[in-house]
1. For the condition surrounded by fewer than 17 Cβ atoms within 10 Å (Cβ to Cβ), within 21 Å of Met120 (Cβ to Cβ) and not acidic (Asp, Glu), what is the one hit in Gly4, Gly26?
2. Return the only residue of Ala72, Ala94 being surrounded by fewer than 18 Cβ atoms within 10 Å (Cβ to Cβ) and touching a residue at least 60 places away in the same chain (Cβ under 8 Å).
3. Restricting to segment 97-118, name every residue that is exposed (fewer than 13 other Cβ atoms within 10 Å of the Cβ) and in a helix (DSSP H, G or I).
4. Of the residues in segment 75-91, how many are of a type in the set (A, V, I, L, M) and either surrounded by fewer than 21 Cβ atoms within 10 Å (Cβ to Cβ) or free of Cβ contacts under 8 Å to residues at least 12 places away in the same chain (or both)?
5. Scan segment 56-73 for residues that are in contact with a Ser or Thr (Cβ under 6 Å, 6 or more places away or on another chain) and in a helix (DSSP H, G or I) and report the count.
Amino acid sequence: MHKGIIKTAALLGAVSVALGAFGAHGLKKMLDLQGLAVFETAVRYQFYHVFSLLAVGILYKEFATQVLLNAARFFIMGIILFCGSLYLVTFFKAQQIEGLNWVGAITPFGGVAFIIGWVMIFFSLLAPGKKN
């Protein structure tokens, strides 16, 4: 197993739960239903990809390839770009900051990073790597 990936997943999982609780309790007074839905999407996708990071960390024990490590990097990049941009959009809405909605244009790049991460898991398992 790759402890660094699993540690990262654990920290991002804790952040997911904290942000989810904040969204459920603290943001209801600050955002409309659409803004809450955007925030909830960010939390949901972050949490989904925490599990993908855990899987990569565990798979690495049997299939130690650079491709698998890159899959983890793409999942982390996806969390930063996809979820992070959605968190920023909701923050700007909650603070009523105008003119920064362009941040939402970053979101699809994070979605592509997620897709690449999943495809890399597939390819990493086609040819097992050496055990470290």
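1. Numbers: Gly26 fails: within 21 Å of Met120 (Cβ to Cβ).
Of Gly4, Gly26, the one residue that is surrounded by fewer than 17 Cβ atoms within 10 Å (Cβ to Cβ), within 21 Å of Met120 (Cβ to Cβ) and not acidic (Asp, Glu) is Gly4.
2. On the way: Ala72 fails: surrounded by fewer than 18 Cβ atoms within 10 Å (Cβ to Cβ).
Checking each option against the conditions leaves just Ala94.
3. Filtering segment 97-118 for residues exposed (fewer than 13 other Cβ atoms within 10 Å of the Cβ) gives 97-99, 101-102, 105, 108, 115.
Passing the criteria: Asn101, Trp102, Ala105, Pro108, Ile115.
4. Of segment 75-91, the ones of a type in the set (A, V, I, L, M) are 76-77, 79-81, 86, 88-89.
With either surrounded by fewer than 21 Cβ atoms within 10 Å (Cβ to Cβ) or free of Cβ contacts under 8 Å to residues at least 12 places away in the same chain (or both) added as a condition, the list becomes 76-77, 80-81, 88.
Residues flagged as of a type in the set (A, V, I, L, M) and either surrounded by fewer than 21 Cβ atoms within 10 Å (Cβ to Cβ) or free of Cβ contacts under 8 Å to residues at least 12 places away in the same chain (or both) within segment 75-91 amount to 5.
5. Looking only at that region, the number is 2.
The numbers here are math on the coordinates, done by the rules we state, and not lab data. Small disclaimer: the values here were computed from a predicted structure and weren't measured. We place every Cβ from the backbone using ideal geometry, glycine too, and count neighbours over all the protein chains shown.
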